[in-house]
Amino acid sequence: MKVVNITFKFQDGQPEQTHVAAQGESVLDVALNNDIQLQHNCGGVCGCSTCHVYVLRGESDLPEISDKEEDFIDRAVNPRINSRLGCQCVVQGSSEDLVILIPTQEFLGH
Ligand code: FES
């Protein structure tokens, strides 16, 4: 099985953490499996913007962003060029590791 490392950094100042992600797992899955708080109001079906994250490195290991994902990112707080929805960031298992910045988990939009 192909795996990559995901390093999570936090806007609220928590120390960073690195975890292994298997091909097919989303950034949201890996966060929740490791007790990292990342909101997911719609349950991970690209129906909200609360799982908003910033991809600092490794975007080439993620699927292309969809129009629907882009629409929800527009509703997130402080969207940037490297914004993604954590539940849509499904690891493809290339060799590139990911670095993800988790926004402070409050006032994240709808
Ligand atoms: S959890 Fe709702 S879009 Fe990701």
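The values are calculated or read from the model by the stated rules, or taken from the named source; none is laboratory data. No experiment lies behind these values; they were computed from the predicted model shown. Quick reminder, even Gly has a Cβ in these numbers, built from the backbone with ideal geometry, and neighbours come from all protein chains shown. Areas reflect the complete protein model, heavy atoms only, side chains present, ligands, DNA and RNA absent. Shrake-Rupley method; radii C 1.70, N 1.55, O 1.52, S 1.80 Å.
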_trypsin sites (Lys or Arg not before Pro) within the stretch 73-107, DSSP loop, no more than 16 other Cβ atoms inside 10 Å_ = ARG80
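Based on the alpha-carbon gyration tensor of the stretch 35-101, what equivalent-ellipsoid semi-axes (square roots of 5 times the eigenvalues) come out, in whole Å, largest first? Walk me through the numbers on the way to the answer.
Values: eigenvalues 66, 33, 27 Å².
Calculated on Cα positions only, the semi-axes equal 18, 13, 12 Å.
With a probe of 1.4 Å, find how much accessible area the stretch 3-102 has per residue, and write the answer as a whole number in Å². Provide the component values of the computation, followed by the final result.
Numbers: 4970 Å² over 100 residues.
Here the residues of the stretch 3-102 average 50 Å² of exposed surface.
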*State the percentage of accessible surface on the chain attributable to carbon and sulfur atoms; use a 1.4 Å probe and exclude ligands, DNA and RNA.*
46
*Within the chain, which cysteines find no other Cys whose Cβ is under 4.7 angstrom from their own?*
CYS46, CYS51, CYS87, CYS89
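For the chain, what is the relative contact order in percent, using Cα pairs closer than 8 Å and at least 6 residues apart in sequence? Working shown, then result.
Details: 238 pairs, mean separation 43.6, N = 110.
After rounding, I find 40 percent.
GluC sites (Glu not before Pro) within the stretch 1-86: which are DSSP loop residues with at most 11 other Cβ atoms inside 10 Å? Show your work: numbers first, answer last.
On the way: sites: GLU16, GLU25, GLU59, GLU64, GLU69, GLU70; in loops: GLU16, GLU25, GLU64.
Here the GluC sites (Glu not before Pro) that fit, given the DSSP loop and packing criteria, are GLU64.
In debye, nearest 20, what is the charge dipole magnitude of the chain about its Cα centre with +1 on Lys and Arg Cβ and -1 on Asp and Glu Cβ, if you could check? If you can, show how the numbers build up before the last one.
Values: 7 positive and 16 negative charges, 18 e Å.
Roughly 80 debye, rounded to the nearest 20.
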*Can you give me the Cα centroid spacing of the stretch 21-52 and the stretch 74-108 in angstrom?*
9
